[in-house]
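A.B. asks: Take this structure, written in structure tokens, and hold onto it; I'll ask about it next.
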Amino acid sequence: MLTKAQLEEIKSRIAQGRDASPEVLLEDRVVLLAEVERLLKFVETFSTRVNAQLDILENDMVLLDQDNQRLRKNSRSSDFERDACIGLIAKMAVALKIPVGTQRTASVELDENGKESQQIQNRVILDLPSGQVAWEYLESEAHLFETLPAYPRALESQSIQENYLKIMNPNLD
């Protein structure tokens, strides 16, 4: 590999065009050709390594995409199963004369750009002795809740943990 000083020396000789014997010019030519060949081999090797890494990344992307599809399918399945169970709980609450109903509520969420956007959510709300509990359900699952009345009161703001604490300790005794 030529050093910067060696390249500057050859460049200077070429620029001056004098004091360079044919032997020196031939030697410079041989050295420069060898350097070009070395650089071409380096680029080829580097390109091969980059392409190999790109192939690995593309294979990983395919595997991740397949796994994401599997997880989305599982998520849709578990959402449906959860909503079916909540629908059954709501129908049992009606039979037991526990206040229950549905409500469309607006919530403000931040999008990926940090802008606020209003979202309409479908909710099933149930009044346990331990307090109000609620679940969001997808529009595609609305048929599971269509026989329920409209919930007349306001939805209480609470965390998922608070919601499930009330469910695990319903005070139904």
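A.B. asks: With the Cα gyration tensor of the range 23-173 giving a ≥ b ≥ c as the square roots of its eigenvalues, does the rule (a/c under 1.5 for rounded; else a/b larger than b/c for prolate; else oblate) give rounded, prolate or oblate?
C.D. replies: Verdict is prolate for the range 23-173.
A.B. asks: A further question follows. For the range 129-140, what does the Karplus curve 6.51 cos²θ - 1.76 cosθ + 1.60, with θ = phi - 60°, yield as ³J(HN,Hα) per residue in whole Hz, taken in order and with x for Gly and Pro?
C.D. replies: x, 7, x, 6, 10, 8, 9, 7, 9, 6, 4, 5
A.B. asks: Could you tell me whether the range 55-127 comes out rounded, prolate or oblate from its Cα gyration tensor? Rule is a ≥ b ≥ c as square roots of the eigenvalues, rounded for a/c under 1.5, then prolate if a/b exceeds b/c, otherwise oblate. Kindly include the intermediate steps, with their values, before the conclusion.
C.D. replies: Details: a/c = 6.80, a/b = 1.73, b/c = 3.94.
It comes out oblate by the Cα gyration axes.
A.B. asks: Let me ask another. May I ask you to list, by number, the DSSP H helices of the chain whose Cα span along the axis is at least 27 Å and whose average Kyte-Doolittle hydropathy reaches -1.0 or more?
C.D. replies: Taking the DSSP H segments of the chain (at least 27 Å long, mean hydropathy at least -1.0), we get 22-95.
A.B. asks: Using a Gaussian network model of the chain with C-alpha springs under 10 Å, which one of 23, 37, 139 is most mobile by mean-square fluctuation?
C.D. replies: Comparing 23, 37, 139 in a Gaussian network model of the chain, the most mobile one is 23.
A.B. asks: While we're on this one: Based on Cβ point charges of +1 for Lys and Arg and -1 for Asp and Glu, what charge dipole magnitude is obtained for the range 50-113 about its Cα centre, in debye rounded to the nearest 20? Before the final figure, lay out each step's value.
C.D. replies: Numbers: 8 positive and 11 negative charges, 166 e Å.
Dipole about the Cα centre, nearest 20: 800 debye.
A.B. asks: Next question. Let me spell out the model: positive unit charges on the Cβ of Lys and Arg, negative unit charges on the Cβ of Asp and Glu, origin at the Cα centre of the range 106-173. What dipole size does that give, in debye rounded to 20?
C.D. replies: 220
A.B. asks: Another one. With a cut-off of 19 Å, note down the residues of the range 26-43 whose backbone N falls inside the zone around a label point 7 Å from the Cα of residue 57 toward its beta carbon.
C.D. replies: Inside the label zone: 43.
A.B. asks: Right, next: Which of 90, 150, 15 moves the most in a Gaussian network model of the chain with Cα springs under 10 Å?
C.D. replies: Taking springs between Cα atoms under 10 Å, the residue moving most is 15.
A.B. asks: Oh, and also: Which one of 96, 42, 145 is farthest out on the positive end of the charge dipole of the range 1-156, using unit charges on Cβ (Lys, Arg +1; Asp, Glu -1) and the Cα centre as origin?
C.D. replies: 96
A.B. asks: Still on this structure: State the answer as a single residue: which of 113, 134, 66 lies farthest towards the positive end of the charge dipole of the chain, with beta carbon charges of +1 for Lys and Arg and -1 for Asp and Glu, about the Cα centre.
C.D. replies: 134
A.B. asks: Follow-up. For residue 117, what charge total do you get from the other residues with a beta carbon under 15 Å from its beta carbon, if Lys and Arg give +1 and Asp and Glu give -1?
C.D. replies: Summing Lys and Arg as +1 and Asp and Glu as -1 gives -3.
A.B. asks: Which trypsin sites (Lys or Arg not before Pro) does the range 53-147 hold that lie in a coil by DSSP with at most 14 other beta carbons within 10 Å?
C.D. replies: Passing sites in the range 53-147 are 97, 115.
A.B. asks: Pull up all non-local amide H partners of residue 128: gap of 5 or more, or a different chain, and H-to-H distance under 5 Å with H placed in the peptide plane.
C.D. replies: Answer set, sorted by chain and number: 133.
A.B. asks: With the other protein chains left in place, how much accessible area per residue, in square angstrom, belongs to the chain at a 1.4 angstrom probe?
C.D. replies: 76
A.B. asks: While we're looking at this one, here's another question. Ignoring ligands, DNA and RNA, what percent of the accessible area of the range 66-173 is carbon or sulfur (1.4 Å)? Before the final figure, lay out the partial values.
C.D. replies: Working: 4080 of 7540 Å².
Solvent-exposed carbon and sulfur of the range 66-173 make up 54 percent of the total.
A.B. asks: Let me ask something else. Quick one: dipole size for the chain, taken about the Cα centre, charges +1 on Lys/Arg Cβ and -1 on Asp/Glu Cβ, in debye to the nearest 20.
C.D. replies: Details: 20 positive and 29 negative charges, 81 e Å.
Value, rounded to 20: 380 debye.
A.B. asks: Mind checking which of 26, 148, 57 has the largest fluctuation in a GNM of the chain, springs on alpha carbons under 10 Å?
C.D. replies: The residue with the greatest mean-square fluctuation here is 26.
A.B. asks: Based on the alpha-carbon gyration tensor of the range 101-170 and its eigenvalue square roots a ≥ b ≥ c, which shape applies: rounded if a/c is under 1.5, prolate if not and a/b is larger than b/c, or oblate? Present the calculation step by step, with values, prior to reporting the outcome.
C.D. replies: Details: a/c = 2.16, a/b = 1.33, b/c = 1.63.
Oblate shape, in that a/c is at least 1.5 and b/c is the bigger or equal ratio.
A.B. asks: Relative contact order of the chain: what whole-number percent is it, with Cα pairs under 8 angstrom and at least 6 residues apart?
C.D. replies: Answer for the chain is 15 percent.
The values are calculated or read from the model by the stated rules, or taken from the named source; none is laboratory data. Given the structure is predicted, the values throughout are model-derived calculations rather than measurements. No Cβ is skipped: glycine too gets one built from the backbone with ideal geometry, and neighbour counts run over all protein chains shown. For accessibility, only protein heavy atoms count, side chains too; no ligands or nucleic acids. Shrake-Rupley method; radii C 1.70, N 1.55, O 1.52, S 1.80 Å.
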